[in-house]
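Engineer: Below is the structure I would like to discuss, written out as structure tokens.
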Ligand code: NAD
């Protein structure tokens with residue numbers, strides 16, 4: 001039980017990677033606060049965890065709303081007296097957007113969910129962590145925050161912002177015993193990625209083109225990714241902070257040939 005007695009908030013835990021993190025943290029003894037805009041998903045994950053005899057509670061939160069993020073932090077402090085771990089994981093992916101094509105409202109939404117919400121979570125939790133003598137923050141960035149991609153301008157820039165915000169907070173709050181890292185997954189077959197297939201003429205060919213990006217020969221699973229979050233949430237990683245850590249089956253090791261998003265209409 002590596003997280004016995006810990007209080008952990010996980011945003012975007014009603015599905016995908018956040019759901020896997022919630023299950024793993026609860027299995028390791030944490031009391032898990034599942035936060036998501038989707039109450040169906042959030043309630044389902046809470047029930048699944050409780051069915052296994054572990055602790056979870058669900059809070060419906062839109063992470064783009066300043067007052068809701070503040071309320072998530074304050075009500076957790078009121079109920080549990082502390083927050084040991086905050087995982088800023090909620091995310092939104094807009095497809096096929098070049099700078100000249102994307103609607104300005106879509107750019108703003110991607111940045112609000114992926115970057116501004118991470119800022120808000122950190123903004124409201126850090127004072128409580130400082131009062132408690134320290135804490136751990138883990139942000140879900142992406143390999144797309146490290147290298148640019150064809151036609152993915154809003155997403156890549158938002159995730160690059162998460163990487164730099166992580167480093168900035170490391171610089172500013174390490175002396176207060178706040179440890180913060182960013183996780184950079186490759187493609188993981190979650191709702192977000194499946195919606196990408198669904199929009200294509202030939203989902204199977206398109207899916208294979210994504211698999212082929214990974215030298216290891218497959219996409220990640222949410223459970224693969226959750227293991228890194230667990231490592232970063234424990235003292236096993238006590239000398240790691242301000243890092244953007246790739247977990248991507250080799251995707252970021254170099255560009256694979258035979259892949260061209262600009263021609264992705266053929267898929
Ligand atoms: P997902 O769609 O399964 O889960 C995302 C969750 O975020 C959903 O439950 C959704 O309801 C929630 N969410 C969206 N907008 C929200 C809002 N405004 N307020 C609160 N919750 C909101 O996708 P996922 O793949 O599990 O994504 C989790 C994180 O991982 C995201 O930050 C994503 O960008 C990142 N990521 C995913 C991949 C991938 O290939 N799946 C790769 C790299 C990074």
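Read-outs: derived from the displayed coordinates by stated rules, not from any lab. Just so it is clear, the model here is predicted, and its values are computed rather than measured. Counting neighbours? That spans all protein chains shown, and the Cβs are built from the backbone with ideal geometry, glycine included.
Engineer: Set the Förster radius R0 to 30 Å, insert the Cβ-Cβ distance between residue 100 and residue 171 as r into 1/(1 + (r/R0)^6), and round the FRET efficiency to 0.05.
Structural biologist: That gives a FRET efficiency of 0.30.
Engineer: Determine, from the Cβ-Cβ distance of residue 39 and residue 255 and an R0 of 45 Å, the FRET efficiency 1/(1 + (r/R0)^6), rounded to the nearest 0.05.
Structural biologist: 0.65
Engineer: Remind me, relative contact order of the chain in percent, using alpha carbon pairs under 8 angstrom and six or more residues apart?
Structural biologist: 18
Engineer: If each residue's Cβ is checked for other Cβ atoms within 10 Å, how do 122, 170 rank with the fewest at the top?
Structural biologist: Going from least to most buried by this count: 170, 122.
Engineer: Quick one: compute the contact order of segment 1-84, relative version, from alpha carbon pairs under 8 angstrom and 6+ residues apart, as a percent.
Structural biologist: 28
Engineer: While we're here: When the chain is treated as a GNM, springs tying every alpha-carbon pair under 10 Å, which of 77, 245, 33 comes out with the largest mean-square fluctuation?
Structural biologist: So, out of 77, 245, 33, the one fluctuating most is 77.
Engineer: Next question, about the same structure. Place the peptides 234-243, 38-47 in order of packing, highest mean first, counting for every residue the other Cβ atoms within 10 Å and averaging per peptide.
Structural biologist: Per-residue mean Cβ counts within 10 Å order the peptides as 38-47, 234-243.
Engineer: Which order results if 111, 23 are arranged by neighbouring Cβ count within 10 Å, fewest first?
Structural biologist: On the way: 111 18, 23 21.
Ascending number of Cβ neighbours within 10 Å: 111, 23.
Engineer: I've got another one for you. Which value at 222 nm does the chain reach when only helices count, each DSSP H run of 4 or more adding -39,500 (n - 2.57), with the total divided by all residues and rounded to the nearest 500 deg cm²/dmol?
Structural biologist: Mean residue ellipticity, 222 nm, calculated: -13500 deg cm²/dmol.
Engineer: With a cut-off of 8 Å between alpha carbons and a minimum separation of six or more residues, what is the relative contact order of segment 148-266 in percent?
Structural biologist: 37
Engineer: Once label points are set 7 Å from the Cα along Cα→Cβ at both residue 235 and residue 218, what is their separation, rounded to one decimal in nm?
Structural biologist: Simple spin-label model gives 3.4 nm for this pair.
Engineer: Does segment 3-135 come out rounded, prolate or oblate by the C-alpha gyration tensor, with a ≥ b ≥ c the root eigenvalues, rounded set by a/c under 1.5 and, if not, prolate when a/b is larger than b/c and oblate if not? Kindly include the intermediate steps, with their values, before the conclusion.
Structural biologist: Working: a/c = 2.36, a/b = 1.47, b/c = 1.61.
It comes out oblate by the Cα gyration axes.
Engineer: What FRET efficiency, computed as 1/(1 + (r/R0)^6) with R0 = 45 Å and r the Cβ-Cβ distance, is obtained for residue 208 and residue 131, rounded to the nearest 0.05?
Structural biologist: In this case the efficiency is close to 0.35.
Engineer: Within 10 Å of each residue's Cβ, count the other Cβ atoms and sort 99, 162, 32 from fewest upward.
Structural biologist: 99, 162, 32
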